[in-house]
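The values are calculated or read from the model by the stated rules, or taken from the named source; none is laboratory data. Values in this document were obtained by computation on a predicted structure and should not be read as measured data. Note that we place each Cβ from the backbone using ideal geometry, even for glycine, and neighbour counts take in every protein chain shown.
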């Protein structure tokens, strides 16, 4: 059984974390270990029609975001890594500065020190120099910063298509094949002239 940590923080774009949990539910052999920040719960109300209980029910294991003594706060608890979707500026800053006062940052810090993958769907725009500096610091520490910028070669027909493609690509980075990604084809389509 593969274990994957999924954290949903309070940045706009909680649908990315929710969609990740939905996809993982469909995959055999992957166990989700989930942290929902209190800010994520607040953002969820504003951005989606999902109830907090419905999202919590998607988790195989759910952690209190304040419990820094949880299993995922130790390197001896083996996981494939961690997806933070979306990743807020506060969370990015905490990871960049190893400020392990809450479980999301502590779990990310543990994954990085154990050389496990941490993928951050950093959801902020426009960026100032401080954001760029923080992204550089987490990248230097081994994290992968993946702003959820849609690719249009997959010809998305809806927001859900764009979200699913982005989440599928993020799971790719963590070694999880979702079966949801529309892959680039090396044969160009015919030109309409």
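Scanning the stretch 74-81 for residues that are within 12 Å of the chain's Cα centre (by Cα), touching a residue at least 12 places away in the same chain (Cβ under 8 Å) and within 23 Å of residue 136 (Cβ to Cβ) turns up at least one hit.
Each row is one residue, and each column tells you yes or no for (1) within 14 Å of the chain's Cα centre (by Cα); (2) assigned to a helix (DSSP H, G or I); (3) more than 21 Å from residue 176 (Cα to Cα).
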site	(1), (2), (3)
94	no, yes, yes
131	no, yes, yes
142	no, no, no
147	yes, no, no
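Residues of the stretch 96-117 being part of a helix (DSSP H, G or I) and touching a residue at least 40 places away in the same chain (Cβ under 8 Å), which ones? Residues satisfying the conditions are 96, 103, 104, 107, 108, 111.
Note on the stretch 1-42: residues that are out of contact with any helix residue (DSSP H, G or I) (no Cβ under 6 Å at 6 or more places or on another chain), closer than 24 Å to residue 75 by Cα and in a helix (DSSP H, G or I) amount to 3. Within the stretch 16-40, if we keep just the residues that are more than 19 Å from residue 176 (Cα to Cα) and out of contact with any strand residue (DSSP E or B) (no Cβ under 8 Å at 6 or more places or on another chain), the residue that is surrounded by the fewest Cβ atoms within 10 Å (Cβ to Cβ) turns out to be 38.
When residue 120 is tested against (1) at pLDDT 95 or above; (2) within 29 Å of residue 70 (Cβ to Cβ); (3) not in a strand (DSSP E or B), only condition (3) is not met.
The set of residues from the stretch 155-179 being outside any helix (DSSP H, G or I) and surrounded by 18 or more Cβ atoms within 10 Å (Cβ to Cβ) comprises 174, 176, 178.
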